[in-house]
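The values are calculated or read from the model by the stated rules, or taken from the named source; none is laboratory data. Fair warning: this is a prediction, and the values are worked out from it, not measured in the lab. Reconstructed Cβ throughout: ideal geometry from the backbone, glycine too, with neighbour counts over all protein chains shown.
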């Protein structure tokens, strides 16, 4: 369950946004660390070409929220730490990373936009572009539409400058940002290539849950009867509870976003 009644929990939007942005730097750095190392070995590895050896790299994740309990309207600082053991030498093949940064929605609250841009620049610094010529970074911002600020580049100064051009204001169209980021990755492939042989990564920084609470009418299911096809009434209330489309799977901006349901299910 993500949130309760939307009207009663709009006060939580600012605290959720603050926590999300405070954790952005750690999340971006963790993603970069994963991107620049070979994937961890699985218990049941899939069939692979003869002679290919799976990595022994193992990641351990630690999440800490301070304070551990917060009241309505309060804020908490979320820290995500990832440590790697048993890793061989770093991956040095082609790595293309596109940052899709939310410039709208609740990212306009307080210094959320500034913190997001700061975290993105920290990520670029840690990718060490100057000493890794096969690594390139692109930048996309999105509000109600997406805008490509940087095609893939190996110049950290250029990528950092593009992050500085991320604006503020408007609605948040996350899928627009993802589609634009995919376009940047495709343009970075050699002519006629499908991207095989290139490690491609899209990092999306957004506040979809907060946007849903701030403007419930833009989210699927809002106000619809609990049992579709039947009139609203005491035994068939409107949908007012925000939850994942599939509560058994993790959140995904495209395939498992937030929707309004009735009751707790």
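Rundown of residues vs (1) modelled with pLDDT of 80 or more; (2) outside the structural domain of residue 200 (by TED's automatic domain parsing); (3) buried (at least 21 other Cβ atoms within 10 Å of the Cβ), yes/no style:
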residue: 78; (1), (2), (3): no, no, no
residue: 101; (1), (2), (3): yes, no, yes
residue: 104; (1), (2), (3): no, no, yes
residue: 107; (1), (2), (3): no, no, yes
residue: 111; (1), (2), (3): no, no, no
residue: 124; (1), (2), (3): yes, no, yes
residue: 140; (1), (2), (3): yes, no, yes
residue: 143; (1), (2), (3): yes, no, yes
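Listed here are the strands (runs of 3 or more DSSP E) enclosed by segment 135-206 that have at least 3 residues being farther than 17 Å from residue 100 by Cβ, and there are none.
Of the residues 195, 169, the single one that is surrounded by fewer than 16 Cβ atoms within 10 Å (Cβ to Cβ), at pLDDT below 95 and touching a strand residue (DSSP E or B) at 6+ places or on another chain (Cβ under 9 Å) is 195. For segment 125-134, residues that are closer than 23 Å to residue 190 by Cα and part of a helix (DSSP H, G or I) total 3.
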